[in-house]
Amino acid sequence: PGPIGGVVFLDVNGDGVQDPEAPGVGGIRMDLGGDATATTVSDESGLYIFGGLAAGDYVVECAGTEGVEPTTPTRLEFSLGNGEVVDDAHFGWQLVAEEPTGIIKGKVWNDLNGDGMMNDGEPGLEGAVLTLAGDADGTTTTSSDGSYAFTELAAGTYEVTSTGPDGWVATTAT
């Protein structure tokens with residue numbers, strides 16, 4: 001088996017090439033299609049990899065995120081030979097947002113002692129639904145560690161409400 005990987009980068013000068021001053025971009029969803037399917041997310045350095053792939057034909061797609069536009073193709077096709085390594089599946093994006101954007105993030109946890117405070121040893125709660133209202137609307141669900149995030153938010157006023165999974169009771173304001 002062989003891997004297909006590369007980097008997602010912020011193309012500062014828009015030339016489609018990752019220059020030394022072009023940082024990697026983390027948290028970008030990468031989709032593999034073709035003879036196998038998978039999804040991963042670029043790490044904080046912009047790196048991603050689909051490992052253990054058998055010889056075959058594959059497509060890698062990078063969706064980007066709000067406030068950017070591609071400077072490279074967003075879909076790459078590969079024919080992978082036995083044991084071949086593809087490490088140049090790079091995707092460049094350039095900022096187009098003129099306004100700074102913000103993030104609202106947090107964690108929903110299992111308040112084991114019911115004191116309304118997150119204490120050491122209290123695990124995150126997967127499956128809680130968070131709803132964003134105000135200058136933008138949205139919904140997300142907590143991950144396995146209880147974390148959530150609303151990203152790419154313009155300056156404004158927002159309210160986040162939470163609904164726990166069935167059978168759970170809130171110990172803080174929702």
Could you please find all residues in region 152-174 being hydrophobic (A, V, I, L, M, F, W, C) and under 23 Å from the mean Cα position of the chain (by Cα)? Leu153, Ala154, Ala155, Val160
Under 7 Å by Cβ, and 6 or more places apart or on different chains, what pairs join a residue from region 53-67 that is under 30 Å from Leu153 (Cβ atoms) with one that is among the aromatic types (Phe, Trp, Tyr)? Cys62/Phe91; Gly64/Trp93
Would region 141-152 turn up any residue that is open to solvent by less than 50 Å² (accessible area, probe 1.4 Å), within 21 Å of Ile49 (Cβ to Cβ) and among the hydrophobic types (A, V, I, L, M, F, W, C)? no
Which is open to solvent by less than 50 Å² (accessible area, probe 1.4 Å) and over 30 Å from Gln18 (Cβ atoms), of Gly121, Gly138, Gly102, Gly92? Gly138
Selected residue (criterion: nearest to Ile49 (Cα to Cα)) from residues of region 72-131 that are part of a strand (DSSP E or B) and of a type in the set (Val, Ile, Thr): Val86
Would you tally the residues in region 59-84 being out of contact with any Ser or Thr (no Cβ under 8 Å at 6 or more places or on another chain) and either hydroxyl-bearing (Ser, Thr, Tyr) or loosely packed, with under 15 Cβ neighbours inside 10 Å (or both)? 12
For region 1-22, what are the residues that are within 15 Å of Asp88 (Cβ to Cβ) and in a strand (DSSP E or B)? Gly2, Pro3, Ile4, Gly5, Gly6, Val7, Val8, Phe9
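The values are calculated or read from the model by the stated rules, or taken from the named source; none is laboratory data. Values in this document were obtained by computation on a predicted structure and should not be read as measured data. Please note: Cβ atoms are built from the backbone with ideal geometry, for glycine as well, and neighbour counts cover all protein chains shown. Protein only, heavy atoms only, side chains kept; ligands, DNA and RNA dropped before computing areas. Shrake-Rupley method; radii C 1.70, N 1.55, O 1.52, S 1.80 Å.
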